[in-house]
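Inspection log for the structure reproduced underneath, given as structure tokens.
The values are calculated or read from the model by the stated rules, or taken from the named source; none is laboratory data. Because the structure is predicted, anything quoted here is derived from the model rather than measured. As a convention, Cβ positions derive from the backbone with ideal geometry for all residues, glycine included, and neighbour counts pool all protein chains shown.
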Amino acid sequence: MQPGYPNPQQPINNNMTASIVAIFFFWPLAIPAIINASKVNPALQQGDYAGAEAAARESKKWSKLAFIIGGVWLVIVLLCCLFGGVMGAIDGSSTSSY
């Protein structure tokens, strides 16, 4: 490193890809994830490294919550469909139309 130059900061992952994918899991929480992800690069350009890190952390938090809630909801729906189908098959096989 040359004297007189500040230490270059490490690049920050803005988490935009995960935030956009989170829309398909649970969109109400994906929106704040996208908003925070979009704040990272402008903050870095202004030299606000701490603000960029904070926005990246918030984006990661919201997208992670969207994935968790969406995944849990998907499992619940699949289990209900599976249980309903099994119960329908059992109920349908025990009755006679004759």
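Restricting the first member to segment 51-62 and to residues that are part of a helix (DSSP H, G or I), and the second to residues that are of a type in the set (D, E, K, R), the beta-carbon pairs closer than 6 Å and six or more apart or on different chains are 55/39.
For segment 35-59, how many residues are closer than 17 Å to residue 69 by Cα and surrounded by fewer than 19 Cβ atoms within 10 Å (Cβ to Cβ)? Number of matching residues: 1. Taking segment 54-92 as the range and being of a type in the set (Asp, Glu) and modelled with pLDDT under 95 as the test, only 91 passes.
Within the group 65, 74, 29, 78, which residue is over 12 Å from residue 15 (Cα atoms) and crowded, with 19+ Cβ neighbours inside 10 Å? Even if it seems obvious, please write down each step before you answer.
Numbers: 65 fails: crowded, with 19+ Cβ neighbours inside 10 Å; 74 fails: crowded, with 19+ Cβ neighbours inside 10 Å; 78 fails: crowded, with 19+ Cβ neighbours inside 10 Å.
Being over 12 Å from residue 15 (Cα atoms) and crowded, with 19+ Cβ neighbours inside 10 Å holds for just one of 65, 74, 29, 78, which is 29.
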